[in-house]
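First up is the structure itself, then whatever we jot down about it.
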Amino acid sequence: MTLLRPDSTFYPSARQAMQAPPERFGYVGFLNVGNGKPDGIAVVDLDPASATYSQILNKIEFPHVGDEVHHFGWNACSSALCPSSAHPHLERRYLLVPTLRTSRIYVIDTKPDPIQARIVKIVDADEVASRAGYSRLHTVHCGPDAIYVNALGGTNDGQGPGGIFMLDHYNFDVLGAWEIDRGPQHLAYDFWWHIGHDVMVTSEWATPAMFENGLNVEDIVNQRFGHALHFWDLRRRRHIQTVDLGAENQMVLELRPAHNPNKTYGFVGVVTNTTDLSSSIWTWYQEQGEWKAKKTIHIPAEPADADHLPDILKPFGAVPPLVTDIDLSLDDRYLYVSCWGTGELRQYDVSDPLNPRLTGSVRLGGVTAKAAHPNGTPLNGGPQMVEISRDGKRVYVTNSLYSTWDDQFYPGLRGWLVKLNANAEGGFAIDPDFFVDFGDTRPHQVRLEGGDASTDSYCFS
């Protein structure tokens, strides 16, 4: 700790962050469905030397019911050290938890006791709507100049374009919409950036009307979901270019740019292809000043007996992989891919980002596979949200996607959090001693003490 950098979890480069002490606990967003209980954040013990290892230490429950907790993030991280807009005096102290159904933001203070974290502010949906024009809040990223939050809908019952707005670093007031010129962009899902190159990247899912009440297969068949990437001038807040992956590639979701700030490539997952139910990973890159994207991983659907399928899949006689999350290790070497439908978690060596190589695979649950945990616990659901420790040795996975979609693909879903141990030279295995049973509560995203592989952005290589 220094006077100018009070938070020791800020690192100028991913290489230095990989040398940080291992996480002792994690924050897990969870939701309750149909039981009258609120959503919240669970604090889980991740220290193998602890007597309470693999146990929930505390739950911060929200004061409202039906929020639909999804993604969340820190108020500040290593981007505070970027020279273009340095704020080294900030601390990684507050968790910003947006809600996907009610459009609130809960501000949770993790100090002085990180286990007994508490809600210190609630940003209401009306403030977000009046100052930014958005609703259905989704993802948080800590930037060097503000806290960035995105939304999947506008204010007219979710209609209108989704986009990004900004919160003040200090008091968490809504500053306003980020976009000055959005160009043709309308659908929204994830956003990230190549921060040293002043480039924003956004992806596409759907309007709230298309996902809130469950998946309508006709929307996929008629190719109504998002299928494009958008590139922006980050500093000028203007749309630059659209890269269409093809209308058959439905639901372009999680974005994972290279952590090395000198590089201008990244990966995005596509949930399903309308011609064969496959999933895919695409690599975006820049060539002679133009953004391009290439399909670099193809994951086929798995044939299945219709009698063993939930109603939504019976007409297809197959289980689609349903790639719903991906995550990239801090050294930019390993990409983890969640196949929520088939129950497979894959690991690829992406040292050559245009030619990934499969290096590991495990099975956890799955629509028909139903692979149990090594401790013998049956698993409903499949690997969904993935988070990697800063040193790349531990991978944490939860199994809930979105409440109404959970009910369609995995009726009676019971929540769980598992851990996998990764090898430096490729391959990984499920930790038999780590299993957190969330019961009827559904866990979603995991944030790790001091940061993780999808939290920080760096301005030095």
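Things to note:
- Backbone N under 16 Å from the SER8 label point (7 Å along Cα→Cβ), restricted to the stretch 435-461: 449-451
- When the Cα gyration tensor is reduced to axis lengths a ≥ b ≥ c, the ratio a/c is 1.5 or higher for the stretch 1-133, and with a/b not above b/c it is classed as oblate.
- Charge tally in the Cβ shell below 14 Å around LEU309, where Lys, Arg are +1 and Asp, Glu are -1, LEU309 excluded: -2
- Charge dipole (the stretch 279-405, unit charges on Cβ, about Cα centre) - positive-most of GLY289, HIS308, LEU354: HIS308
- Partners for LYS314 among lysines (Cα-Cα distance below 24 Å; same-chain residues under 8 apart left out): LYS370
- Antiparallel beta bridges, as assigned by DSSP with both residues in the chain, represent about 100 percent of the total such bridges.
- Cβ-to-Cβ counts within 10 Å put ARG104, ARG136, ARG237 in ascending order as ARG237, ARG104, ARG136, the fewest first.
- Per-residue ellipticity at 222 nm, computed for the chain from helices alone with -39500 (n - 2.57) per DSSP H run of at least four residues, works out to -1500 deg cm²/dmol.
- Cβ-derived FRET efficiency at R0 51 Å, ASP307 paired with ARG131, nearest 0.05: 0.45
- Net charge of neighbours whose Cβ lies under 14 Å from the Cβ of PRO22, counting Lys and Arg as +1 and Asp and Glu as -1: -3
- Summing +1 for each Lys or Arg and -1 for each Asp or Glu among the other residues whose beta-carbon sits under 9 angstrom from that of THR368 gives -1.
- Here the stretch 181-200 and the stretch 290-359 have alpha carbon centers that stand 24 Å from each other.
- Set of lysines with alpha-carbon distance to LYS292 below 23 Å, sequence-local pairs under 8 removed: LYS263
- Residues of type lysines that LYS37 reaches as a straight line, Cα spacing below 17 Å, ignoring anything fewer than 8 places off in the same chain: LYS59
Just so you know, all these numbers are worked out from the coordinates, no wet-lab data involved. What you see is a predicted model; the values in this text were computed from it and never measured. When we count neighbours, we look across all protein chains shown, and the Cβ atoms used for this are built from the backbone with ideal geometry, even at glycine.
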